[in-house]
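Data block below; observations after.
The values are calculated or read from the model by the stated rules, or taken from the named source; none is laboratory data. Everything quoted here is computed from the prediction, not taken from an experiment. Every residue, glycine as well, gets a Cβ built from its backbone with ideal geometry; the counts of neighbours run over all protein chains shown. In case anyone asks, the SASA skips ligands and DNA or RNA and just uses the protein heavy atoms, side chains included. Shrake-Rupley method; radii C 1.70, N 1.55, O 1.52, S 1.80 Å.
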Amino acid sequence: MVHAFVAVVVSAGTERELVEQIREHPAVTEAFVVTGDFDVIVDLETETTQELLRAVTEGIRALESVGTTRTYVCLADGGDGHGESRAT
């Protein structure tokens, strides 16, 4: 399983509509409007990196109001089965 976050810059005023569109993609587990350098953060899970690439390029970047995106692939996590567990 590949788990990643995508930070997205969108056209002003389109954040909420875009989040609803993004949430419809099957690889998206959640999407949020946020403050800061980016407007939207997307949480994705796919079986392969190729599926992740398609989800980002065809499912997010292809949307009309999307500008810059940054993809962050998880290498390890808190132990929920998606990566290496942290020792406690």
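The set of residues in the range 40-53 that are surrounded by fewer than 14 Cβ atoms within 10 Å (Cβ to Cβ) and in contact (Cβ under 8 Å) with a residue 12 or more places away in the chain comprises Glu47, Thr48, Thr49.
Residues of the range 3-62 that are hydroxyl-bearing (Ser, Thr, Tyr) and closer than 22 Å to Leu75 by Cα: Thr29, Thr46, Thr48, Thr49, Thr57.
Have a look at Gly67, Gly36 and point out the one that is in a loop (DSSP other than H, G, I, E, B), surrounded by fewer than 13 Cβ atoms within 10 Å (Cβ to Cβ) and modelled with pLDDT of 95 or more. First the steps, then the outcome.
Working: Gly67 fails: in a loop (DSSP other than H, G, I, E, B).
Answer to the check: Gly36.
Looking only at the range 6-25, which residues are closer than 13 Å to Ala55 by Cα and free of Cβ contacts under 8 Å to residues at least 12 places away in the same chain? Within the range 6-25, Arg23, Glu24 qualify. Against the criterion of being open to solvent by less than 100 Å² (accessible area, probe 1.4 Å), aliphatic (A, V, I, L, M) and modelled with pLDDT under 95, Ala76 qualifies.
Looking across the range 54-64, just one residue is touching a residue at least 40 places away in the same chain (Cβ under 8 Å), touching a strand residue (DSSP E or B) at 6+ places or on another chain (Cβ under 7 Å) and not in a helix (DSSP H, G or I), and that is Ile60. Residues of the range 1-20 that are surrounded by 18 or more Cβ atoms within 10 Å (Cβ to Cβ) and either polar (S, T, N, Q) or assigned to a strand (DSSP E or B) (or both): Val2, His3, Ala4, Val6, Val8, Val10. Considering (1) in a strand (DSSP E or B); (2) crowded, with 17+ Cβ neighbours inside 10 Å, the lone condition that Thr29 does not fulfil carries the number (2).
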